[in-house]
1. Sum up the charges of everything whose Cβ sits under 14 Å from the Cβ of Asn33, counting Lys and Arg as +1 and Asp and Glu as -1, but leave Asn33 out.
2. How large is log10 of I(q)/I(0) for segment 5-143 at q = 0.15, 0.16, 0.20 Å⁻¹ when the intensity is taken from the Debye formula with one equal scatterer per alpha-carbon?
3. Among the GluC sites (Glu not before Pro) in segment 27-96, which ones are in a DSSP loop with at most 14 other Cβ atoms within 10 Å of the Cβ? Mind listing them?
4. For labels at Ile121 and Asn31 in the simple 7 Å Cα→Cβ model, what's the distance in nm?
Amino acid sequence: MTSVHVIEEAGTPSGEEEVAEVVARYEAAFNQNDARTMNDLFSPDTIFVNFSGNLVFGADRLYQAQSFVFGEGGPLADITVSYTVESIAFLTPEVAVAHARQRSAGADRQTQIGSDPMEGILAMTLMPDASGQWRIRMAQNTPVAAR
């Protein structure tokens, strides 16, 4: 992970590592085509805007979409990505926003340089659940135009 820009309100306990860990678990689930593990990172009432711009309401519907794209023959079944956390901001002690840059990763796990059709910014709003685990409440994966 490269340097992370963290913004916290005065007196806010640092949850940076826990939030960054959610991003790392998201990446691992993506690269293992594991829709169930990825879906477990989201709150039941999540709202997600995917890379194609489709708005998905609720973890159950999101799981259906994830199962399709990661399933055999799905559009993401043979894609490997890396996420670099670029910022984490704590709006309150219980609301964090993380931005992570998504890039394609080759078989050697080196990020591709230049035009990357998978480059995007994944923005997540996270909140702890009843057990204190950070969950993604809202997220948007926005493609980055070729430079």
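A short reminder: the numbers here are calculations on the coordinates, not readings from a lab. Note that the coordinates shown come from a computational prediction; the quantities given were computed from them, not determined experimentally. Reconstructed Cβ throughout: ideal geometry from the backbone, glycine too, with neighbour counts over all protein chains shown.
1. Local net charge: -3.
2. Cα-only, vacuum Debye calculation for segment 5-143: -0.72, -0.82, -1.24.
3. Glu72, Glu94
4. Using points 7 Å along Cα→Cβ, the separation is 2.4 nm.
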